[in-house]
Amino acid sequence: MQNNDGSIMKNTIKVERAKLNITQSDLADAVGVSKQTIHSIEKARFTPSTILSMKIARYFKVAVEDIFELEDED
């Protein structure tokens, strides 16, 4: 999803899920959101809140920066 400043939030959630062999539903249940929310984040259609980003990172036991990356679109 492109933010107002033209930047895009990319993520590695799908890769992290594959490492643990879990589904979008499994992750969604663990962090308290819908499967559709996880799907939208993975496809970069939705930028998660800081709290949700931290919950996802905590679930995978990694730093937020290891999952989410801000890229400028120029």
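Derivation of every value follows stated rules applied to the coordinates shown; laboratory data play no part. If you're wondering where the values come from, they're calculated on a predicted model, not measured in any experiment. Note that each Cβ is placed from the backbone with ideal geometry, even for glycine, and that neighbours are counted across all protein chains shown.
Which order, highest average first, do 36-46, 11-21 follow once you tally other Cβ atoms within 10 Å for each residue and take the mean per peptide?
Packing proxy ranking, top to bottom: 36-46, 11-21.
Need one number: the % of Cα-Cα pairs in the chain sitting beyond the 19 Å mark.
Working: 713 of 2701 pairs.
Taking all Cα-Cα pairs of the chain, the fraction more than 19 Å apart is 26 percent.
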